[in-house]
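The values are calculated or read from the model by the stated rules, or taken from the named source; none is laboratory data. What you see is a predicted model; the values in this text were computed from it and never measured. Positions of Cβ are backbone-derived with ideal geometry, glycine not excepted, and every protein chain shown enters the neighbour counts. Only protein heavy atoms, including side chains, enter the accessible area calculation; ligands, DNA and RNA are left aside. Shrake-Rupley method; radii C 1.70, N 1.55, O 1.52, S 1.80 Å.
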Amino acid sequence: MTWKASLSANYTDGMLILHKGQIVYETYSGCLNERGKHAAMSMTKSLTGLLAEILVVEGKLDPAAKVDTIIPELKNSAFGSATVRQVMDMTTSLKYSEDYADPNADIWVYSKAASPFPKPSGDKGPNGYFEYLQTLKKDTINHGEVFGYKTVNSDTLGWIISKVTGKDMTSLLSERIWMKMGAEQDGYMTVDAKGVPFAGGGISAGLRDMGRIGQLMLNGGKINGQQLFPNKVVENIQAGGDKKAFAAAGYKTLEGGSYHSMWWVMHNQYGAFAARGVHGQTIYVDPTAEMVIVRFSSFPSAANSKIDPTSLPAYQAVAKYLLNKDREK
C-alpha cells in the first residue's frame, strides 16, 4: 500500500509530519482544514498523564500514595485501594467494560452520567464523572497485575490532579502547556453537567497545536527556547511501564509494548511512543528520526487495532525515509 492509499483507507481528516521541528508534510481532507479543530478523543488521556507525571517529577504528587488518601470520596470504590501509579498506568482492577460495540457495556452508563444535558425526570443514576467513579467496584484480580484500558482511570487521575493542585485539569493544562507553547488556536474541553472537564477524552484542537504537543515531548519539555517541564518527565514516560501487565491484555498490533502515564510506548528500534484515541487519533513521537506525526481521523470503527496494520508500518517507513535523507546530506 502506498502512503497516499493508507491515508484514504484510514479515513484521515488531517496529517502533519514534523522533522527536526519543521513541518515537512501537511494535508487536510474530509471535515477538516487548517483553521478547523478536531476531536482528539483519548489523546486527551496522554495530556492528563503528562500533567500527572510533571507533578510526580516536581515532587508534588506521590505515585505510591493510595488514591483514598488524596480523594476520600473514593474510599469505598475500587479506586480507593489502588495507588496513583496504578491509575496512571491503568493497572487498576475494575468491574467495568469499555467495549464500544456492546450497547450494554458500562461505558454507556458512564457516558450517560457524564452528559452535560439535564437528566430525565426521576433519573436516579449518577450525575457527573465524580459521582460515577464512586460507584465502581473492584474485580477479583489484584491491582497492578494486568493492564486494562479503561477511561475511568483518566477521569480519576483528573480528579487526583485537581485535588493536589486546587485547579481543574483544563486550567492546569492551559497554564502549564497551552498558553506557553505558542499555540495558534484555543483548545476546547467538553465537561459534564457540573462543569468537570472530561480528562479521558474531551479535547478538541487544531492539528498543528497537537503537533506542538508532540514536539514538546520530542524535545524533552522544551519548545521555542522555553523549558516548560523537566526533561525527566519525558524520560520517565519513554521508559515505559510493566510489559508483562501489558502483554496480559492481548494487544496483537502492539506486541512488546507497554503503557505508562497514559502514553503508549512501542519499545521498537526507534524508541517511539504515542498518544492514541479511538477512530484513529494519534500523536506519534519518534526520537531516533526526530519525527512527530499527528493524525486526525474519522475511521468508522473505534478500535485502533483495525487501523494499526496500515498505520504503524507507514509511520516507521516515514521514519526510515527521513533517517536515510539525513544520512545523504
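Observations on the model:
- Using C-alpha pairs below 8 Å separated by at least 6 residues, the relative contact order for region 103-174 is 20 percent.
- Remark on region 106-258: Rg and Dmax equal 17.9, 55 Å (Cα only).
- Accessible carbon and sulfur surface of the chain relative to its total accessible area, %, 1.4 Å: 52 percent
- The loop-placed trypsin sites (Lys or Arg not before Pro) in region 1-102, going by DSSP, that have at most 10 neighbouring Cβ atoms within 10 Å of their Cβ come out as Arg35.
- Looking at region 124-230, the accessible area is 40 square angstrom per residue; that uses a 1.4 Å probe and ignores ligands, DNA and RNA.
- Mean sequence separation of contacting Cα pairs (under 8 Å, at least six apart), scaled by the length of the chain, corresponds to a relative contact order of 25 percent.
- Cα gyration tensor category, rounded, prolate or oblate, for region 259-315 with a/c compared to 1.5: prolate
- Between region 296-326 and region 89-142, the C-alpha centres lie 32 angstrom from each other.
- Of the trypsin sites (Lys or Arg not before Pro) found in region 163-255, those in coil by DSSP whose Cβ has at most 16 other Cβ atoms within 10 Å are Lys167, Lys180, Lys194.
- Residue order for Thr2, Thr48, Thr165 - accessible surface, 1.4 angstrom probe, largest first: Thr2, Thr165, Thr48
- Coarse-grained scattering of region 98-166 at q = 0.21, 0.29 Å⁻¹, given as base-10 log I(q)/I(0) from a Debye sum over alpha-carbon atoms: -1.06, -1.37
- Along the chain, the longest continuous region that contains none of the GluC sites (Glu not before Pro) in a DSSP loop with at most 12 other C-beta atoms within 10 Å is 59-183.
- Compactness of region 185-329, expressed as Rg and Dmax over alpha-carbon positions, Å: 16.0, 56
- In the context of the full set of protein chains, residues of region 6-51 present 40 Å² of accessible surface per residue (probe radius 1.4 Å, heavy atoms only).
- Projected onto planes of every orientation and averaged, the convex hull of the alpha-carbon atoms in region 154-243 covers 6.7 nm².
- Over region 49-149: Kirkwood hydrodynamic radius from C-alpha pairwise inverse distances, Å: 14.9 Å
- Solvent-accessible ranking of Ser305, Ser162, Ser46, largest area first, probe 1.4 Å: Ser305, Ser162, Ser46
- Net lengthening on full extension, Ala9/Lys325 (0.36 nm per residue, minus Cα-Cα): 111.1 nm
- Largest-first principal axis extents of the Cα set of region 1-105 (Å): 50, 41, 27
- Listed pairs Lys95/Lys150; Lys95/Lys119; Lys124/Lys167; Lys222/Lys329; Lys124/Lys194; Lys150/Lys180 exceeding 20 Å between Cα atoms: Lys95/Lys119; Lys124/Lys167; Lys222/Lys329; Lys150/Lys180
- Relative contact order (percent, whole number), region 180-329, Cα cutoff 8 Å, 6+ residue spacing: 16 percent
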